[in-house]
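Each remark here refers to the structure printed beneath this line.
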Amino acid sequence: MTTISIFGVGLIGGSLALCFKGKPDITVIGHSNNPTSVENMVKRRIVDEGTTSMQAAAEAADIIFLCVPVGALETYLERLKQFSLKKGCLITDVGSTKLSVVQCAEKLRFKDAYFIGGHPMAGSERSGMEAASSHLFENAFYVLTPGTDTPVAEVERLAKLLAYTQAQIIRVDAREHDDIVGAISHLPHMIAVALVNQIRTYNESNELYKNLAAGGFRDITRIASSDPFIWRDILINNRTVLLKLLDDWDQQISVFRELLEKEDAEGIEKQFEVAGTFRKQVPDRRKGMLTPLYDIYADIPDHPGMIGQIATLLGKHRLNLSNLQIIESRLDVPGVLRLSFRDQETADRASALLSEQFSIHV
Ligand SMILES: NC(=O)c1ccc[n+]([C@@H]2O[C@H](COP(=O)([O-])OP(=O)(O)OC[C@H]3O[C@@H](n4cnc5c(N)ncnc54)[C@H](O)[C@@H]3O)[C@@H](O)[C@H]2O)c1
Ligand SMILES: O=C(O)C(=O)C[C@]1(C(=O)O)C=C[C@@H](O)C=C1
């Protein structure tokens, strides 16, 4: 029997618990200092057992997941060091930054226990155990940052357990992780928040800003709704990297400023072209799909019954639709429909059929 103890049963801790719970020979224990949270995690069947005793959860565990905010990770490691952990206990975390926690674990020198840094590259702007889902990590990368002296067998033991998340495990150096994740996750969160706050101040004198905000604004700002406490810790922890990234950001924005000042139409086109080409190469790792999907985008007139007609037509031609999403739909403006198929051939046939039958631009 493997006992997994999870400290911090929120969005990420709760999602991991749901991935492991009910699997053969696994018991999941959830810890919180708050008795009501312990009651809730058991009542919601996120964990098998819950406790407010950090020592009880730690000493019962074969594997420990620290799923608390980045700013609390070092304190949790220091407390674990004071307990009599099981021999061979594996400790890992899910923090969005890796260097500081890895260095802290190295300094603590656990006896008969191993620490391997971890970071699932999946999440949400929501937080708390209510937002947890067993599908959260499907298809995502799950970064592990073992130290040079971590036994390979321990990394494999953790990777084997993480197979239940259906994520793809990747090993990355902790410093490199913080550089890269700073750029692709932490910087975008700061930009989203700054942008929303800029518009918020305009909106104070004219509510039309908020009311006219549509797909573009929503797409780039979803993550501005992320948890303030979680993000305060991440940004402060990775501040050295982020300050350098902000210098580069200033430079990118000043390129636009210059293009506008010079009315350089070609230069602006070029910016969109190169960005679009790179953006297309970024893999779409939507959760809940185990094989890649092939998408087509259709401009559809926004009138009742159109989606039904499209689905019926595809069905009649035995073109199996795997997913369907309305990207934007407003009165008098064409909606964009994303249709996803299991293979390129089906996507191409659907595309040809829709253009032919409905004169839809695909
Ligand atoms: N949210 C994401 O998208 C995401 C993705 C990957 C990794 N992470 C990382 O996962 C960890 C948990 O984030 P989350 O999104 O699950 O947050 P969350 O707020 O949903 O969960 C955090 C949990 O930690 C508990 N906690 C324990 N000690 C705490 C303390 N000292 N201060 C505050 N809360 C404490 C909270 O009660 C809560 O249950 C963070 O380290 C975060 O960087 C988050
Ligand atoms: O999808 C989101 O809402 C996220 O914020 C997920 C996201 C990200 O920036 O991609 C956020 C923090 C994590 O540490 C990893 C993933």
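Annotations
- Nonlocal amide H pairs with LYS98, under 5 Å, H built at 1.01 Å: ASP178
- Only protein atoms count toward the accessible area here, which uses a 1.4 Å probe; on region 29-94, the carbon and sulfur part of that area reaches 42 percent.
- For region 2-172: rounded, prolate or oblate by the Cα gyration tensor [a/c cutoff 1.5]: rounded
- Across all directions, the average flat footprint of the convex hull enclosing the Cα atoms of region 138-223 is 7.6 nm².
- Antiparallel beta bridges, as assigned by DSSP with both residues in the chain, represent about 40 percent of the total such bridges.
- Cα pair distances of region 294-358 binned at 5 Å [whole percent]: 4, 19, 32, 27, 13, 5, 1
- Counting only alpha carbon atoms, the long axis of helix 306-316 and the longest principal axis of the chain meet at about 80°.
- Accessible area in square angstrom per residue, the chain, 1.4 angstrom probe: 57 Å²
- Shape of region 177-281, Cα gyration tensor, a/c cut at 1.5: oblate
- Rg and Dmax over the alpha-carbon atoms of the chain stand at 23.9, 70 Å.
- Subset of LYS43/LYS210; LYS244/LYS270; LYS98/LYS270; LYS21/LYS210 violating a 32 Å alpha-carbon distance limit: LYS43/LYS210; LYS98/LYS270; LYS21/LYS210
- Look at the dipole of region 96-151 built from charges on Cβ: of SER133, PRO120, SER96, the Cα furthest out on the positive end belongs to SER96.
- By accessible area, using a 1.4 Å probe on protein heavy atoms only, region 294-358 has 49% of its surface on carbon and sulfur.
- Loop sites in region 106-211: trypsin sites (Lys or Arg not before Pro), DSSP, at most 14 other Cβ within 10 Å: ARG109, LYS111, ARG126
- Pair LEU208, THR312: separation of 7 Å Cα→Cβ label points (nm): 4.1 nm
- Our summary gives the chain a relative contact order of 13 percent, counting only alpha carbon pairs under 8 angstrom and 6 or more residues apart.
- Taking 1.002 mPa s as the viscosity and 20 °C as the temperature, the Stokes-Einstein diffusion coefficient of region 67-122 based on its alpha-carbon Kirkwood radius rounds to 187 µm²/s.
- If you sort ASP248, ASP219, ASP343 by accessible surface, 1.4 Å probe, largest first, the order is ASP219, ASP248, ASP343.
- Karplus-derived 3J(HN,Hα), 6.51/-1.76/1.60, for each residue of region 133-140, Hz, glycine and proline x: 8, 6, 8, 3, 9, 3, 6, 7
- Percent accessible area from carbon and sulfur atoms, region 177-281, protein chains only, probe 1.4 Å: 58 percent
- Neighbour cut-off at most 15 other Cβ (10 Å), DSSP loop, GluC sites (Glu not before Pro), region 167-252: GLU204, GLU207
The values are calculated or read from the model by the stated rules, or taken from the named source; none is laboratory data. As the structure is a prediction and not an experimental result, all values here were calculated from the model. Counting neighbours? That spans all protein chains shown, and the Cβs are built from the backbone with ideal geometry, glycine included. Ligands, DNA and RNA are excluded from the accessible area calculation, which covers all protein heavy atoms including side chains. Shrake-Rupley method; radii C 1.70, N 1.55, O 1.52, S 1.80 Å.
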